[in-house]
Amino acid sequence: MKPGETANGKKFDKGLMEVQKAYGTHGHIEPHTDPTPEFDDAASKVTFKLAVNEGPQYRMGTVEFKGFTADDAATLGKKWGLKSGEVYDRSYAGRFFLSEAAGVTTQIANERDSEGKPRPNIDSREVPNRQTLIVNVVIELKN
C-alpha cells in the first residue's frame, strides 16, 4: 500500500507473503514477520512497523524424482541446477519446470494425450531438516 491509500487487509497480507517469498530465495524458509501498528487517530492514519526474523539459512540437499521413468529422472536430475550445499532457493523448483524441465514434461504430457490418458500432475515438496539446515526436494509425477 502507498502512503495515504485506504488500508486494505488483503493487500497487506499479500505484501507480507511477498516478504516471505523474498527471504525464501535466500535460504530462509521459515521467516517470521511481526507487523506492529501505530495509530494516529487525529489524522485517521495507521503506520506499520515490520519486524522480520529471517530464521536460519537452509542449504540444498538432494533432489529426488519419483514416478518418472529412469531415463526421465536421470535427464531431470542432470538439468537440476541447484547444487547440494548451495543456499536453498525456494523459488527454484517453479522456475525449473518453466525452463529446464519443460521439454521432458511436455513430452510426458503429449504421450499421455496420445494414449487418451489424463495429463499428469507434478508435485514438488520440500523436506527440511531443522538440525542440519538442509532441504531435500521431492518431485513426484502423479497419475
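The values are calculated or read from the model by the stated rules, or taken from the named source; none is laboratory data. The structure displayed is predicted, hence computed values, not measured ones. Here the Cβ is made from the backbone with ideal geometry for all residues, glycine too, and neighbour counts use every protein chain on show.
Quick one: count up the residues across segment 34-74 that are of a type outside the set (Gly, Ala, Ser) and farther than 19 Å from Ser91 by Cα. Can you show your working first?
Quick first cut of segment 34-74, residues of a type outside the set (Gly, Ala, Ser) only: 34-41, 45-50, 52-54, 56-60, 62-66, 68-69, 71-72.
Next cut, farther than 19 Å from Ser91 by Cα only: 34-41, 45-50, 52-53, 66, 68-69, 71-72.
The qualifying residues number 21.
Evaluate segment 69-89: report whether one residue or more is within 21 Å of Glu126 (Cα to Cα), without any contact (Cβ under 8 Å) to a residue 12 or more places away in the chain and not basic (Lys, Arg).
Initial filter on segment 69-89 (within 21 Å of Glu126 (Cα to Cα)): 72-89.
This time we only want the ones that are without any contact (Cβ under 8 Å) to a residue 12 or more places away in the chain, so: 73-74, 78.
Narrowing further to those that are not basic (Lys, Arg): 73-74.
Yes, because at least one residue in segment 69-89 is within 21 Å of Glu126 (Cα to Cα), without any contact (Cβ under 8 Å) to a residue 12 or more places away in the chain and not basic (Lys, Arg).
With of a type in the set (Gly, Ala, Ser), outside the structural domain of Pro31 (by TED's automatic domain parsing) and modelled with pLDDT of 95 or more as the only criterion, which of Gly103, Gly81 stands out?
Gly81
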